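A quick write-up on the structure given underneath.
The values are calculated or read from the model by the stated rules, or taken from the named source; none is laboratory data. For clarity, every value in this text was computed on a predicted model and none was experimentally measured. Cβ placement follows ideal geometry from the backbone for every residue including glycine, while neighbour counts extend to all protein chains displayed. Side chains included, ligands, DNA and RNA excluded: accessible areas come from the protein's heavy atoms. Shrake-Rupley method; radii C 1.70, N 1.55, O 1.52, S 1.80 Å.
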Amino acid sequence: MKHPLVNLLVRLIILALGVALAAEFVRGIHYDGPGTLLAVVVLLSLFNAILRPVLLLFTLPFIVLSLGLGVLVINAVLFLLVPYFVRGFHVDGFIPALLGSVIVSLTNLVMTQLLRDKKGGPPPPRRPRGGGGDVIDI
């Protein structure tokens, strides 16, 4: 996946799959149809690109003290915000939002690992030690 547009489309499809799986397996999450799912995916992508880094920065001490579990809370809060902006998408509380965000994260992790480019071929050439460079080896 070299082209940025193809990469973006694949990531959006993976996110849509994760949201659909969350709606299928978590009681308390549901959406009305494919148009709603598309709106949820676009809004979650925007939240992840804009709000998530800001929230991570401001809650960094909490994240460190909770040994990273604070990131799950931030993901759940973002998931819980989406129904306020997308009509037809429903999350019935914090626990379904937490479970849904975990499913979306796991789906993203698994699919990204399955679809990533396999780097084959020889390793990059090594520079010989000493000589041929501006660095003085001692």
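Suppose the filter is at pLDDT below 95 and either open to solvent by less than 30 Å² (accessible area, probe 1.4 Å) or under 17 Å from Leu21 (Cα atoms) (or both); does Leu98 pass it? So Leu98 fails the test. Just one residue in the set Leu56, Leu67 is part of a loop (DSSP other than H, G, I, E, B) and either in contact with a Gly (Cβ under 7 Å, 6 or more places away or on another chain) or at pLDDT below 95 (or both); that residue is Leu67. Set side by side, the residues Ile50, Ile74 differ, and just one is open to solvent by 50 Å² or more (accessible area, probe 1.4 Å), of a type in the set (Val, Ile, Thr) and out of contact with any strand residue (DSSP E or B) (no Cβ under 7 Å at 6 or more places or on another chain), which is Ile50.
Annotation: of all residues in region 1-47 being in a helix (DSSP H, G or I) and hydroxyl-bearing (Ser, Thr, Tyr), the one that is most open to solvent (accessible area, probe 1.4 Å) is Ser45. Of all residues in region 77-95, those being in contact (Cβ under 8 Å) with a residue 60 or more places away in the chain and open to solvent by 30 Å² or more (accessible area, probe 1.4 Å) number 3.
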